[in-house]
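The values are calculated or read from the model by the stated rules, or taken from the named source; none is laboratory data. If you're wondering where the values come from, they're calculated on a predicted model, not measured in any experiment. Positions of Cβ are generated from backbone atoms using ideal geometry, with glycine treated the same way; all protein chains shown enter the neighbour counts.
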Amino acid sequence: MPYTEALEMSRVCLSPSVASNGESFTVAGALRLAAGHGVRGVVTYADPVARLRTLPDGRTAGSPRGHLGVIYQALSATYTGRSTARTIVVLPDGQVLPARSIAKFVAGDRGADGFERRIAALGASPRPAGSDRRAWLRTALEQIGARRQRHPGTHRYALPVGRTRAERSRAVFGMPSLPYPKWADARPRI
């Protein structure tokens, strides 16, 4: 049952005070816990695009270099390539506006009001009642200084999950195993 035995790990975020190797230790522990709940595989992503964002107190957070997924490489994850390249919307504070949130707003789905309040709080003019949502959003994003940016796709890793080495070795991923990305591969060739 692939939809009950597989999960996506969407964020690994630890305090800078966590000792070296803490990320791999934490992910390995999470995988052990998942195995106890019948999970047999986890897919996770590493974003190679550098992105800093400004916190409400003025400090910056994020990665000035991007990520290759070194913690997943340390856990011998299977590298399966990049996710689909796409265009993203980056807000003035550096946060990415999720495509799913945009789609829900345009359709008027649940959560659309909160999305609209968020954009208005960043300085957009209020949307006139009954106006076209797509047209308002286009103008609002321009007003707040959001920018569109081409994203090459995130690095995708698959991690086998199991209580024993034998269980983990039986995990089958429907994608080819590729060589791990390295920073040297990301630099433009002269």
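Identify all residues within the range 1-32 that are in contact with a helix residue (DSSP H, G or I) (Cβ under 7 Å, 6 or more places away or on another chain) and part of a helix (DSSP H, G or I); write none if there are none.
Passing the criteria: Glu23, Ser24, Val27.
Quick check on my filter: what residues within the range 53-67 are exposed (fewer than 10 other Cβ atoms within 10 Å of the Cβ) and out of contact with any strand residue (DSSP E or B) (no Cβ under 8 Å at 6 or more places or on another chain)?
Scanning the range 53-67 gives Pro56, Asp57, Gly58, Arg59.
Of these, Thr84, Thr78, which one is surrounded by 11 or more Cβ atoms within 10 Å (Cβ to Cβ) and out of contact with any Lys or Arg (no Cβ under 6 Å at 6 or more places or on another chain)?
Answer to the check: Thr78.
Restricting to the range 106-164, name every residue that is part of a loop (DSSP other than H, G, I, E, B), among the basic types (Lys, Arg) and outside the structural domain of Val42 (by TED's automatic domain parsing).
Scanning the range 106-164 gives Arg110, Arg127.
Rundown of residues vs (1) of a type in the set (Val, Ile, Thr); (2) touching a His at 6+ places or on another chain (Cβ under 9 Å); (3) within 16 Å of Gln149 (Cβ to Cβ); (4) modelled with pLDDT under 90, yes/no style:
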{"position": "Val12", "(1), (2), (3), (4)": "yes, no, no, yes"}
{"position": "Val18", "(1), (2), (3), (4)": "yes, no, no, yes"}
{"position": "Ser24", "(1), (2), (3), (4)": "no, no, no, yes"}
{"position": "Val27", "(1), (2), (3), (4)": "yes, no, no, no"}
{"position": "Tyr45", "(1), (2), (3), (4)": "no, yes, no, no"}
{"position": "Arg51", "(1), (2), (3), (4)": "no, no, yes, yes"}
{"position": "Thr60", "(1), (2), (3), (4)": "yes, no, no, yes"}
{"position": "Ser76", "(1), (2), (3), (4)": "no, no, no, no"}
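Determine if the range 106-123 includes at least one residue that is under 30 Å from Leu68 (Cα atoms) and either touching a Leu at 6+ places or on another chain (Cβ under 7 Å) or among the aliphatic types (A, V, I, L, M) (or both).
No - not one qualifying residue is present in the range 106-123.
If we keep just the residues of the range 33-52 that are assigned to a loop (DSSP other than H, G, I, E, B) and among the hydrophobic types (A, V, I, L, M, F, W, C), which is surrounded by the fewest Cβ atoms within 10 Å (Cβ to Cβ)?
Ala50
Return the residues of the range 78-121 that are out of contact with any His (no Cβ under 7 Å at 6 or more places or on another chain), closer than 25 Å to His155 by Cβ and charged (D, E, K, R); say none if nothing qualifies.
Asp93, Arg100
Would it be correct to say that Pro92 is surrounded by fewer than 15 Cβ atoms within 10 Å (Cβ to Cβ) and under 21 Å from the mean Cα position of the chain (by Cα)? Break it down stepwise before answering.
On the way: surrounded by fewer than 15 Cβ atoms within 10 Å (Cβ to Cβ): yes; under 21 Å from the mean Cα position of the chain (by Cα): yes.
Considered against the rule, which asks whether it is surrounded by fewer than 15 Cβ atoms within 10 Å (Cβ to Cβ) and under 21 Å from the mean Cα position of the chain (by Cα), Pro92 comes out as yes.
Tell me which of these Ala171 doesn't satisfy, since it passes every other one: (1) surrounded by 12 or more Cβ atoms within 10 Å (Cβ to Cβ); (2) modelled with pLDDT under 85; (3) under 19 Å from Pro48 (Cβ atoms); (4) not acidic (Asp, Glu).
(3)
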